Structure formats: structure tokens, C-alpha cells
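Q: Before we start, here is the structure in question, set down as C-alpha cells.
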Amino acid sequence: MDTVGELLRRWRTQRRLSQLDLALAADVSARHVSLVETGKSNPSAAMVLRLADQLDVPLRDRNRLLLAAGFAPRYPERTLDDEALSAARDAVARVLQAHEPYPALAFDRRWNIVMTNRALDPFLARVDPDLRRPPMNLLRLGLDPRGLGHLVANLADVRAMFRSRITRQLASAPDAELAALYEELLAAVPEEDAASRSVESDVLIPMVLRVDGRELRLFSTITTFGTPMDITLDEIAIESYYPADAESAAYFTEPESPTDAPTAGRA
């Protein structure tokens, strides 16, 4: 098992900080940081958390640091349907519902969808039942031809977007299962994707879907909890999709909108 000093040094190196950089940020001496990393000083729980905060260590890994230092984990991990998370769960549901008639969903650190709004149902109805089985994964939905991949006109752009986001995520918080998913769905033919990309805007690159003879252009935003103290909330993100032009907006807002179609159920 890695020592707390080894883990902290690994995070510091990953964040590309010197011992002096970390010491100044945490308001401690560089010598103390060195002693902790080499195991010559045993940090208190408060010091572990102070250094972890400056290193932007995810809550899950802060627990690992505390355990390595001989302390009990500080941050609980509950399922989203736990009663203790009812307020947060309701907040996520309200955000998703308020975004209708446009699609929105919430997903975890491995891109498994945990909640959706009704506007996404008509799109999920086009997905192979095998991909809709829990846990339903956003990467598979977006890239697999059995999912929405066959509807995406600019699949190379979307794949490049996923590749960039997950590369940054893995650099920030390594995860073996997410890395395996990356290797399965995204590691192949990046050069081919780059060669086939065609940037249509100097503002953003939309996802282009061809649905029912129409072309929908959508871009998305990401929302996260600001000050989570629970691992589950720390790893939840809400992705909200917006129409990039008037024609796409009309698809969702016209009287007989696709959002009135039979639902495919909540994730």
C-alpha cells in the first residue's frame, strides 16, 4: 500500500507543482512538504486535507490519502436514491425538468447515466435495448451505431470531443474502468478522426443529428455541484443540450414536438 507521502507526491507531480509551489499555496514550509513526502513527518488529518485541497484531489482520493495516513475516511459515498441525498437528488431532477423541452441528463464519473429528462426519451427510444440496460453509458450511446452513433452526422467531431474530455478527466483523476472504456471506444484511429473533422464555426462545434429527415444542431453545457461533501455528488455532472439554430429549436418547440412521443423510461 502506498504511503500518504507517496500519494501526495504523485498528485503534486500530476498537477505539475514543485514542493515550493504546494507549500506556498497551503501556507506551510517547503521543508514540511518534503518531510511528509519522504515519510519523515506524519501529517495530521487536517494537514492531509489542506494539501489535498490545494492539489484539487477528488473526494474519493482524499479518503485514500486519509487512510494511508492512518485516519478514518472523511467523505461518505451513498447512492443517489439515499434519503440523505434527497435534497440534492431533487435539485438534479428540477434542473433536468426545467431544461425541457430540450434534452438533459446527469451522469457519474464513468459516464453512466443516472437521470434524464423527458426530452431525451424519443432519442433513447431509437437505441438498441441492450444499450439501455443499466448502467446506461453516455459514451456508448453517443458512439455505438446501435445507440445514437448512426444518427450523428459529424461523428468524428463528437468522438474527438469525447476523447478530449476523457483525456483531461483521466489526467485529473485516474480511473481504471474509465481508462478501459477509453481504450475500447476512443483510442482507435484518432488520426482518421482528425483528418475527417470539419469545423463549421469559430465559436463552438455542435453535435449534428439527422432525425426524421431533419438536421438538428445541438451544443451542451456541464453543471456540477459547487461544494460537495459526498463522493457521489462530487462525481455527478449534468449535461444540458441547447439548439444551435432556430431550425433545431423548432424541432423541440413545435406543437407536435418529439417530446410528446411515448417515453422510454428514466435512467
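The values are calculated or read from the model by the stated rules, or taken from the named source; none is laboratory data. Just so it is clear, the model here is predicted, and its values are computed rather than measured. Neighbour counts run over all protein chains shown; Cβ positions are idealised from the backbone, glycine included. With ligands, DNA and RNA removed, areas are computed over all heavy atoms of the protein, side chains included. Shrake-Rupley method; radii C 1.70, N 1.55, O 1.52, S 1.80 Å.
Q: With the structure loaded, tell me whether residue 41 is under 18 Å from residue 7 (Cβ atoms) and of a type in the set (Gly, Ala, Ser) or whether it fails that test.
A: Spelling it out, residue 41 is indeed under 18 Å from residue 7 (Cβ atoms) and of a type in the set (Gly, Ala, Ser).
Q: Turning to a different aspect of this structure: If we keep just the residues of the range 18-33 that are part of a helix (DSSP H, G or I) and farther than 11 Å from residue 8 by Cβ, which is most open to solvent (accessible area, probe 1.4 Å)?
A: 31
Q: Report, by residue number, each residue of the range 237-255 that is under 30 Å from residue 78 (Cα atoms) and either in contact with a helix residue (DSSP H, G or I) (Cβ under 7 Å, 6 or more places away or on another chain) or among the small types (Gly, Ala, Ser) (or both).
A: Within the range 237-255, 237, 238, 240 qualify.
Q: Of everything in the range 69-85, what is modelled with pLDDT under 95 and open to solvent by less than 70 Å² (accessible area, probe 1.4 Å)? Give them in sequence order.
A: Selection gives 80 alone.
Q: Are there any pairs with C-beta distances below 6 angstrom linking a residue in the range 152-181 that is open to solvent by 50 Å² or more (accessible area, probe 1.4 Å) to a residue that is of a type in the set (Lys, Arg), with the two at least 6 apart or on different chains, and if so which?
A: Close Cβ pairs satisfying both conditions: 177/110.
Q: Could you list all residues from the range 72-112 that are in a loop (DSSP other than H, G, I, E, B) and not charged (D, E, K, R)?
A: 72, 73, 75, 76, 79, 80, 99, 101, 102, 103, 111, listed by residue number.
Q: Would you point out which residue out of 60, 118 is touching a residue at least 12 places away in the same chain (Cβ under 8 Å), surrounded by 15 or more Cβ atoms within 10 Å (Cβ to Cβ) and not assigned by the TED database to the domain that holds residue 245?
A: None of the others qualify; the one that does is 60.
Q: Among the residues of the range 99-115, are any within 28 Å of residue 58 (Cβ to Cβ), in contact (Cβ under 8 Å) with a residue 24 or more places away in the chain and of a type in the set (Ser, Thr, Tyr)?
A: No, there is no match, as no residue in the range 99-115 is within 28 Å of residue 58 (Cβ to Cβ), in contact (Cβ under 8 Å) with a residue 24 or more places away in the chain and of a type in the set (Ser, Thr, Tyr).
Q: Something else: Exactly one condition in (1) closer than 19 Å to residue 223 by Cβ; (2) open to solvent by less than 50 Å² (accessible area, probe 1.4 Å) is not met by residue 98; state its number.
A: Among (1) closer than 19 Å to residue 223 by Cβ; (2) open to solvent by less than 50 Å² (accessible area, probe 1.4 Å), residue 98 violates only (2).
Q: Let me ask something else about it. Mind checking whether some residue in the range 86-102 is assigned by the TED database to the domain that holds residue 180, more than 30 Å from residue 254 (Cβ to Cβ) and aromatic (Phe, Trp, Tyr)?
A: No, the conditions are met nowhere in the range 86-102.
Q: Which ones in the range 34-57 are more than 17 Å from residue 170 (Cα to Cα), among the acidic types (Asp, Glu) and open to solvent by 30 Å² or more (accessible area, probe 1.4 Å)?
A: If the condition is that a residue be more than 17 Å from residue 170 (Cα to Cα), among the acidic types (Asp, Glu) and open to solvent by 30 Å² or more (accessible area, probe 1.4 Å), then 53 is the only one that fits.
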